[in-house]
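> Right, I'll just put the structure down here and ask away after.
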Amino acid sequence: MQESKRRAALVTGGRRGIAYALAEAGFDVAIIDLEQDAACDETLAALRDRGARTHFIRGDIAGLDRHAAMIDEIYAAFGTLDCLVSNAGVQVKVRGDILDVKPESYDRVMGVNLRGTFFLTQQVARRMVAEERPADSPARSIITISSANAFIAGPDHSEYCMSKTALSMMTKMLAVRLAPHRIYTYEIRPGIIQTDMTAVAREKYDR
């Protein structure tokens, strides 16, 4: 571990550039994502160009048994963690009637969007609470990327909507629990963004 005056952030599902603003704001950045492809290499290089140290972990947040090791790896790389951005998520593979949702589709979406996100956030929050800091030190943060579907019903991708609604309540409960430790929680509800995940509906929204 090298000493650094920069703060440290973890971004899940961050291999496509979502972390640039963090680097520009003075954060070193760790990314957890499914693969280290060309887009990921481009992102890591761009983060370093912005002055950040980087650390990449290949992993699936749906695999709860790896969470502790991944967080340990980030602390070993940076010595601390000031910010978690929970961005990783999946959409339904096939859009269709809520009355036709299959358990395997429900379990896949909930396993990543809700179960994986909740338990990884829990691991990070525990480490942050254990690492108490002086009252005059910078506050820490947990930022959860949910969706406009946290409140807009989409019955053709209902399991996705339900997962995002649950993340909204998770954020509120964490806010109450963590505020005394000056760990502040935020939820961001994006609308439609052109990504691989929304490609299935791109033609509809382009119209």
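The values are calculated or read from the model by the stated rules, or taken from the named source; none is laboratory data. Just so it is clear, the structure is predicted and the values come from calculations on it, not from any experiment. Virtual Cβ from ideal backbone geometry, glycine too; neighbours counted across all protein chains shown. For the accessible areas, the whole protein counts, side chains as well, though only heavy atoms, and no ligand, DNA or RNA atoms are used. Shrake-Rupley method; radii C 1.70, N 1.55, O 1.52, S 1.80 Å.
> Going by the conditions given, is R207 without any contact (Cβ under 8 Å) to a residue 24 or more places away in the chain, out of contact with any helix residue (DSSP H, G or I) (no Cβ under 8 Å at 6 or more places or on another chain) and either more than 24 Å from L64 (Cα to Cα) or surrounded by fewer than 18 Cβ atoms within 10 Å (Cβ to Cβ) (or both)?
Answer is yes for this residue.
> Which of the residues that make up segment 131-161 are in a helix (DSSP H, G or I) and not hydroxyl-bearing (S, T, Y)?
Selection gives A148, N149, A150, E159, C161.
> Select from segment 107-152 the residues that are within 16 Å of the chain's Cα centre (by Cα) and among the basic types (K, R) and write down the one among them that is farthest from M169 (Cα to Cα).
Taking the candidates together, the pick is R140.
Each row is one residue, and each column tells you yes or no for (1) in contact with a Leu (Cβ under 9 Å, 6 or more places away or on another chain); (2) in a helix (DSSP H, G or I); (3) of a type in the set (S, T, Y).
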| position | (1), (2), (3) |
| --- | --- |
| S163 | yes, yes, yes |
| A175 | no, yes, no |
| E187 | yes, no, no |
| Q194 | no, no, no |
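> Take the residues of segment 21-38 that are farther than 19 Å from R6 by Cα and either polar (S, T, N, Q) or open to solvent by less than 10 Å² (accessible area, probe 1.4 Å) (or both): which is modelled with the lowest pLDDT?
Initial filter on segment 21-38 (farther than 19 Å from R6 by Cα): 32-38.
Narrowing further to those that are either polar (S, T, N, Q) or open to solvent by less than 10 Å² (accessible area, probe 1.4 Å) (or both): 32, 36.
Values: I32: 97, Q36: 93.
Top of the filtered list is Q36.
> If we scan segment 91-110, do we find a residue that is outside any helix (DSSP H, G or I) and open to solvent by less than 30 Å² (accessible area, probe 1.4 Å)?
yes
> Step by step: first the residues of segment 155-178, then only those that are among the hydrophobic types (A, V, I, L, M, F, W, C) and out of contact with any helix residue (DSSP H, G or I) (no Cβ under 8 Å at 6 or more places or on another chain), then the one that is nearest to L114 (Cα to Cα). Which residue is that? Step through it out loud before you land on a result.
Taking segment 155-178 as the starting set, the residues that turn out to be among the hydrophobic types (A, V, I, L, M, F, W, C) are 161-162, 166-167, 169-170, 173-176, 178.
Now drop any that are not out of contact with any helix residue (DSSP H, G or I) (no Cβ under 8 Å at 6 or more places or on another chain), which leaves 169, 173, 175-176.
Numbers: M169: 11, M173: 14, A175: 17, V176: 19 Å.
That would be M169.
> Another question, if that's okay. For residues that are surrounded by fewer than 24 Cβ atoms within 10 Å (Cβ to Cβ) and outside any strand (DSSP E or B), scanning just segment 2-14, find the one that is modelled with the lowest pLDDT.
Once the filter is applied, the top-ranked residue is Q2.
> Any chance you could count how many residues in segment 74-86 are open to solvent by 40 Å² or more (accessible area, probe 1.4 Å) and either free of Cβ contacts under 8 Å to residues at least 24 places away in the same chain or within 13 Å of the chain's Cα centre (by Cα) (or both)?
So the count comes out to 0.
> So which residues in segment 42-73 are more than 19 Å from the chain's Cα centre (by Cα) and not charged (D, E, K, R)?
Selection gives A45, A46, G51.
> Test each condition in (1) part of a helix (DSSP H, G or I); (2) open to solvent by less than 70 Å² (accessible area, probe 1.4 Å); (3) over 24 Å from S146 (Cα atoms) for R48 and report the one that comes out false.
(2)
> Moving on. Run D41 past the list (1) within 25 Å of I183 (Cα to Cα); (2) open to solvent by 30 Å² or more (accessible area, probe 1.4 Å) and report the number of the one that doesn't hold.
It is condition (1) that D41 fails.
> Is there any pair linking a residue in segment 33-59 that is among the charged types (D, E, K, R) to one that is open to solvent by less than 80 Å² (accessible area, probe 1.4 Å) and assigned to a helix (DSSP H, G or I), with Cβ under 7 Å and at least six apart or on different chains, and which?
Short answer, once both residue conditions are applied: D33/C40; R50/Y20; R50/A23.
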